[in-house]
Structure formats: C-alpha cells, structure tokens
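Have a look at the structure below before the remarks.
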Amino acid sequence: KQEVTQIPAALSVPEGENLVLNCSFTDSAIYNLQWFRQDPGKGLTSLLLIQSSQREQTSGRLNASLDKSSGRSTLYIAASQPGDSATYLCAAYPTGTASKLTFGTGTRLQVTL
Amino acid sequence: DAGVTQSPTHLIKTRGQHVTLRCSPISGHKSVSWYQQVLGQGPQFIFQYYEKEERGRGNFPDRFSARQFPNYSSELNVNALLLGDSALYLCASSFRVAESYEQYFGPGTRLTVT
C-alpha cells in the first residue's frame, strides 16, 4: 500500500526566503507526481505535474523535482511572498491502468511580512 | 473551456439523512474520480468510474455509492449520514483511466453533518 508523507507539517518563513517542501513515498513504482496548492476551505489548484520520463518541472518561482529510486520529491519556492501562504499537497500516481491518487497530508505554509 | 464543475457548493445535512453530490467533467473526459478530504488531512480516494463502469473503489463503507451517466457526469450518494462524513468532497476528471493522464479537480462540495 502506497503511503505518502510530507515534512514539515507546518512552516512559517519571512517574506523573501527560499524554501523547500518535502514529499516522500514508500512505493517507488509510481508513474507521475503532482503538487497542489490548497487555500483554506477551497479546492485543489494544480501547481506542477512531473511526468514519468521527467525528473523536474518548473513554473515561475516554483521548481519540483522527483527521484523515484529514493522515493522523494521536493518543491522549491523561490523568493516567497505572503500570497504563497497555503497548504501544499503532493500526490502520487500509481503505475498500471488505475489512476487512484495517493495524497500526503500536506505542508501548511505561512509567509510573514 | 469550462473546468470540472461540482454542485452544490455547500450543504448541511442531519445525521441519518441521505445526500447526493454531482460532478460534471471537462468536456471530452470520460473518467471521473471522487475523493473525500477531512479537515487537516489529504484527500482519500473513494471511487473511480470510466465509461459508466466502476474501475476502482477505496476503503469506504457500502453507504457510499456512485454512478456515471452517458454524458460522463457523475453522482456520489451517501446514505445514513454520520458526523464523520463531514468533509470536502472532490471530483476529478481525466481523459482516460490510465496512469499517464492527468487528473483535473473541481472546486469541491463542502458537506456538514450535524
């Protein structure tokens, strides 16, 4: 059974700092790895999808990497802003024909002025 | 193009009642999945449907059921509601039910059971 863990559970940083969020998974036989953002009481916003043949993806100030052999993914946020405050979730796509995602419990990020 | 839509946005029910949640996938998508997200946790997989057939089921009791219609929209039904069913219910659609196809999430339905 796939288990996804996110560390830290919560993080508070001053504006302008660079930060790294971690996601680890127990079964390395995953296909894709996706990072989402969730604002309080809201749905999921997709940030980055790292597909099977890729090792990283970049979008603006965000960079996500994937190392299947070690069971780890990281989300790097450069020059953090108060608007980045949210919960960040990672989700693993299993191999095979079913696409049931397994989510981590999330990292709650607060960026202070 | 419209994204995944869900209705209603919020609803409040009483223990023991029944609820139906609805989801419309992105145009052209044939697979719909349902997830439950309890406060403070990550979403948990409930069901996946493709071409009106159930393709996967998570560890949820039989009080939970779903179906997919010919237009690929879907309903999630929950009977005999418990307080613990209070959660955000998320629907996701994808073009097909294969590992390579990205899932796109709707805004969710917030269910409160009192």
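Among the residues of the range A:27-69, write down those that are basic (Lys, Arg) and closer than 29 Å to B:Leu88 by Cβ.
Matches in the range A:27-69: A:Arg37, A:Lys42, A:Arg61.
Suppose we keep only residues that are in a strand (DSSP E or B) and of a type in the set (A, V, I, L, M) within the range A:82-113. Which one would you say is farthest from the other protein chains (Cβ to nearest Cβ)?
Among residues in the range A:82-113 that are in a strand (DSSP E or B) and of a type in the set (A, V, I, L, M), the one farthest from the other protein chains (Cβ to nearest Cβ) is A:Val111.
Filter the range B:63-114 for residues that are under 19 Å from A:Asn32 (Cβ atoms), open to solvent by 40 Å² or more (accessible area, probe 1.4 Å) and either polar (S, T, N, Q) or not in a strand (DSSP E or B) (or both) and give the result.
Once the filter is applied, which keeps residues that are under 19 Å from A:Asn32 (Cβ atoms), open to solvent by 40 Å² or more (accessible area, probe 1.4 Å) and either polar (S, T, N, Q) or not in a strand (DSSP E or B) (or both), the range B:63-114 yields B:Phe95, B:Arg96, B:Glu99, B:Ser100, B:Tyr101, B:Glu102.
Scan the range B:93-109 residue by residue and report those that are facing chain A (nearest Cβ under 7 Å) and of a type in the set (Phe, Trp, Tyr).
The answer is B:Tyr101, B:Phe105.
Criterion first (within 23 Å of B:Ser27 (Cα to Cα) and in contact with a Ser or Thr (Cβ under 9 Å, 6 or more places away or on another chain)) does B:Glu99 satisfy it?
yes
Can you pull out the residues in the range A:50-86 that are within 12 Å of the chain's Cα centre (by Cα), without any contact (Cβ under 8 Å) to a residue 40 or more places away in the chain and open to solvent by less than 20 Å² (accessible area, probe 1.4 Å)?
A:Ile50, A:Ala64, A:Leu66
The conditions are (1) within 17 Å of B:Glu102 (Cβ to Cβ); (2) at pLDDT 95 or above, and A:Gln54 fails exactly one of them. Which is it?
Here A:Gln54 meets the rest and fails (2).
The values are calculated or read from the model by the stated rules, or taken from the named source; none is laboratory data. In this text the structure is predicted, and so the values were computed from the model without any measurement. For neighbour counting, all protein chains shown are included, and Cβ atoms are generated from backbone atoms with ideal geometry for every residue, glycine included. We work out accessible area using only protein heavy atoms, side chains counted, and drop any ligands, DNA or RNA first. Shrake-Rupley method; radii C 1.70, N 1.55, O 1.52, S 1.80 Å.
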